[in-house]
């Protein structure tokens, strides 16, 4: 195991099977605090399963997950309190108004409600949703829902944010807004972990990239380090490196 | 069948309609088929005496009214089907952008709605027609074209109503309005009959006078045997003039409405499902409330209150109890028999609401990733489901306190037991589906539904026995309490 004292997320020997399929296979991953890490991998590589285990939505067959030093199996509440998980297609309550949704999320994380109310309004304003405050969520577009879910993930000021394909289906302006927001979080010392199929996004946003294939981390590092792993030239794009690495590990 | 032809499109529509029906459950489809066959036997007994000639008098009123009530219910379901066909299914953009003529598309869609809407009455009417034909009433062959024409006419009315409702309310609200309207119409008609029946009992008039009044009413022009109201019934029996009128009116109406509907859509004046007819209200203030329990309860109660579809499907069940209440009141047994009936209603309501709050949780990932005790959240959700039912029970508790103070405590205890049993069964047995759709409940876990009904019936029976002071009350009471226990055992065995 690597040095874990400063790790925002530590995953060690994580395994999960679905029937005969080994979705996650002895996966090790350490992500330090204050970093934006992109997890890449082909479809079915085990990214989403890994993230869902980290979020406490799936029980692993084996292995350890620590969030900000709290073991998810031993101190699930403490671990979850520091985490926000945004699934790829977040399901919100169609019949609630945006602030009511944020109030509910704040209640789940049991944070100070006066602060939450102020922060909820700020988040809505910041994400250009304040004008939609009087509309039920069921009338929101995909982008608006994604932004509201993001606001919900931010309302309790998590130390670690996990986002599964956060930019899917967003228009350019909204995608830019979300990217800026994530970078702001990292500048504020928080940790952001995201999965994406848009390699350009990973290349531009992430300090380090982890590539998962067949349930294992097959490569991990900066783009330069990944190029070296793949024996690629300095001009190779992340796409070239990704394809080379996943091909060489049998995808 | 040539692709793109009206018959090809119609086949597509009917295929979608059939899949919508058959996906409910194969057992259900087989049961309906079995009922349809068996109903022929009962129909034969009835149709030996029910001839067109026999209906040439006051006797036409009852079957005539039954047909009219049936038609209003068919209309309400046709409106829901029309909203789905025109706005919800989401394939009209594809179809209209194809080189098919718009009126062909809408005609096929209209026939699909007509077939789906008329299917249920056809299950009852066709055995009657077959039995009548077997008994020598050849005119009943007309039942088939009459049903088709009525279906088309009602589909036409439904399309026209839908376009108008959508214009007023927006597509989403139009569907809910149609559902509520349908339930209210059905209950109101039944209630109306029973109310008249009930009120006429104690008004001091001699029975002869009442019979005279009824006869006068039946002989009046609008309710008499020649009234236009009974033409759908006469058409079913093959009476030439009403038959011709129904065929012409039904198909004519369908053609006119379909032409105008296709015009509305092609000109692009239709609304989408997400559009709103009214500007949204603004929520300026927000004062967040502290505490997990309060938050869960507030959220669940808000979602229940803002789901008119759920209210239409569950709380309006109460409306149908009102006629029963009148019947019991008439027979002077209301105090003893109302309580078990209410317990069944409350159990069912609690089960539905608890299913919605527990199994219908939409944001499973949010709850799952939150630092909360999931089991505690389930119990809070069950409590949220119980609260509306408790409010509903209050007037009845007051009724018992005023009319029979000795029975009131028994009633209260059994209400608590019945409601708790249903809620607990869902807490221990309900599996998350991520969808707030009560239709899923019927399909999702048949065992749990049976368990809930079993528990409710046992507790209702125990309540009746307790009210009449029988010691036997303990037997069904024990059975009623076993139901949640079985859910708990099953939960342990499947490791939920």
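All of the numbers you see were taken from the coordinates with simple rules; none came from a lab. Since the model is a prediction, treat every value here as computed from it, not as a measurement. Cβ sites come from the backbone with ideal geometry, for glycine too, and all protein chains shown count toward neighbours.
Please state the shape class of segment B:386-496: rounded when a/c is under 1.5, otherwise prolate if a/b exceeds b/c and oblate if not, all from the C-alpha gyration tensor. It is oblate, given that a/c is not under 1.5 and a/b is not larger than b/c.
For segment A:88-196, what class follows from the C-alpha gyration tensor (a ≥ b ≥ c being the square roots of its eigenvalues): rounded when a/c is under 1.5, otherwise prolate if a/b is larger than b/c, else oblate? In terms of gyration-tensor shape, oblate. Counting only other chain Cβ atoms within 10 Å of each residue's Cβ, the peptide A:102-115 averages 6.
For residue B:416 and residue B:5, the difference between the fully extended length at 0.36 nm per residue and the C-alpha to C-alpha distance is 142.0 nm.
Short to long, the 5 Å bins of the Cα pair-distance histogram for segment B:301-494 hold 1, 8, 16, 20, 19, 15, 10, 6, 3, 1, 0, 0 percent of all pairs. Backbone N atoms of segment A:54-88 closer than 12 Å to the 7 Å Cα→Cβ label point of residue B:364 belong to residues A:57-58. How tilted is helix A:172-187 with respect to the longest principal axis of chain A? Cα atoms for both, answer in degrees (0 to 90, nearest 10). Around 80 degrees separate the two axes. Go ahead and set up a Gaussian network model of chain A, Cα springs under 10 Å, then flag whichever of A:83, A:199, A:167 fluctuates most. Checking each option, the largest mean-square fluctuation is seen for A:199. In plain terms, the chain from residue A:142 to residue A:114 could stretch by 7.2 nm, reckoned as 0.36 nm per residue minus the Cα-Cα distance. Computed from label points 7 Å out along Cα-Cβ, the spacing between residue B:289 and residue B:391 is 1.2 nm. In this simple spin-label approximation, residue B:475 and residue B:123 carry label points 7 Å from Cα along the Cα→Cβ vector, and these lie 3.5 nm apart. For chain A, adding -39500 (n - 2.57) for each run of n ≥ 4 DSSP H residues and dividing by the number of residues yields -11000 deg cm²/dmol at 222 nm. In terms of its alpha-carbon gyration tensor, chain A comes out prolate; a/c meets the 1.5 threshold, and the first ratio a/b outweighs b/c. Taking the centroid of alpha carbons for each part, segment A:118-190 and segment B:372-409 are 40 Å apart. For chain A, the longest principal axis of the Cα atoms and the long axis of helix A:98-108 meet at an angle of about 70 degrees.
The Cα atoms of segment A:134-206 cover 34, 28, 18 Å along the three principal axes, with the biggest extent listed first. On full extension, the segment bounded by residue B:435 and residue B:48 gains 134.4 nm, given 0.36 nm per residue less the C-alpha separation. Taking the fewest neighbouring Cβ atoms within 10 Å as the starting point, the ordered list for B:239, A:28 is A:28, B:239.
Exposure proxy shown here: for A:157, B:362, the number of other Cβ atoms within 10 Å sets the order, fewest to most, as A:157, B:362.
Extending 7 Å from the Cα toward the beta-carbon at both residue A:78 and residue B:446 defines two label points whose distance is 4.9 nm. What the Cβ-Cβ distance of residue A:222 and residue A:71 gives, at R0 = 22 Å and to the nearest 0.05, is a FRET efficiency of 0.15. Annotation: for a label point projected 7 angstrom from Cα along Cα→Cβ of residue B:228, residues of segment B:251-266 with backbone N closer than 20 Å are B:251-257.
Shielding value for A:134-146 is 2, the average number of Cβ atoms from other chains within 10 Å of each residue's Cβ. Pairs of Cα atoms nearer than 8 Å and 6+ residues apart set the relative contact order; for chain A it is 26 percent.
Between segment A:31-61 and segment B:106-139, the alpha-carbon centres lie 57 Å apart.
For residue A:171 and residue A:239, a Förster radius of 22 Å and the Cβ-Cβ distance give a FRET efficiency of 0.45, rounded to the nearest 0.05. In terms of surrounding Cβ atoms within a 10 Å radius of their Cβ, A:12, A:109, B:138, B:8 rank from fewest to most as B:138, B:8, A:12, A:109.
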